[in-house]
Amino acid sequence: MDSRTWDTLVSSMKGTYVTGVGEGEVPRPVIMPLVRGELVGLIWLRPVEPGADALTGIAALSNIAAAAGADEVVLAWESHDVATACRLPATGPAPCLNMIHATPEGHVLHQFPYDEVGSGREGGAPVLEIEWQATPAPQEGGELVAPVRAAVDYAFTPMDMDHPNPFGVTVVLMEEDGYTVRLTESLDR
């Protein structure tokens with residue numbers, strides 16, 4: 001992935017977090033598979049129950065990448081939100097937007113810690129804004145929480161599906177399961 005694409009994805013995720021937190025919600029984890037440097041789309045986690053369902057739901061984000069034959073993936077998630085949903089101990093900075101760039105050869109973890117700052121009230125509800133903090137150095141092979149690690153591992157595992165269009169059927173099945181799938185126009189399928 002070239003640096004311009006990475007910078008665009010980081011900027012997009014930061015903007016998504018600013019909007020989401022401002023509306024009172026942390027965005028759900030998302031996977032962004034790439035094939036030959038082209039973004040396939042963004043696939044957001046389905047609604048999950050805390051515990052095993054959250055673990056499975058996050059790991060299953062890999063299905064779309066595997067079906068597309070992705071050679072790179074970017075995953076984004078919030079530290080505290082994923083730890084809470086998966087009933088895991090929180091590690092690293094929190095709150096924090098985490099993004100990894102992964103290939104079959106390895107991954108680099110990027111962390112973007114932030115503070116939620118109140119800026120008044122709107123209609124009786126507090127309005128929160130994000131104040132981005134100093135960004136730690138990227139961590140090559142940085143430690144990942146279990147469901148994200150599984151999503152990375154399975155993203156590059158070829159799908160064994162007896163269907164003429166494994167990508168198309170995977171998209172349909174994931175949408176039926178409640179994942180939000182937004183495909184780009186650049187992928188010829």
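Exactly one residue among V82, V74, V108, V117 is closer than 25 Å to V172 by Cβ and touching a residue at least 12 places away in the same chain (Cβ under 8 Å), and that residue is V74. With respect to the stated conditions, L88 is touching a helix residue (DSSP H, G or I) at 6+ places or on another chain (Cβ under 8 Å) and free of Cβ contacts under 8 Å to residues at least 60 places away in the same chain. For the stretch 66-122, a residue qualifies if it is within 15 Å of P29 (Cβ to Cβ) and of a type in the set (V, I, T), and the qualifying residues are V73, V74, V82, T84, I100. With a requirement of 1 or more residues that are surrounded by fewer than 19 Cβ atoms within 10 Å (Cβ to Cβ), the helices (runs of 4 or more DSSP H) lying completely within the stretch 53-168 that satisfy it span 79-86, 146-155. Contact map, the stretch 166-186: residues that are on the phi > 0 side of the Ramachandran plot paired with residues that are not in a strand (DSSP E or B), Cβ distance under 7 Å, separation 6+ or inter-chain. Pairs shown: G178/R46; G178/P47.
Scanning the stretch 22-34 for residues being open to solvent by less than 10 Å² (accessible area, probe 1.4 Å) and out of contact with any Phe, Trp or Tyr (no Cβ under 6 Å at 6 or more places or on another chain) gives a total of 4.
The values are calculated or read from the model by the stated rules, or taken from the named source; none is laboratory data. On a predicted model such as this, the values are computed, not experimentally measured, just so you know. Using ideal geometry, Cβ is built from the backbone for each residue, glycine included, and neighbour counts are taken over all protein chains shown. Side chains are part of the model used for accessible areas, which takes the heavy atoms of the whole protein and leaves out ligands, DNA and RNA. Shrake-Rupley method; radii C 1.70, N 1.55, O 1.52, S 1.80 Å.
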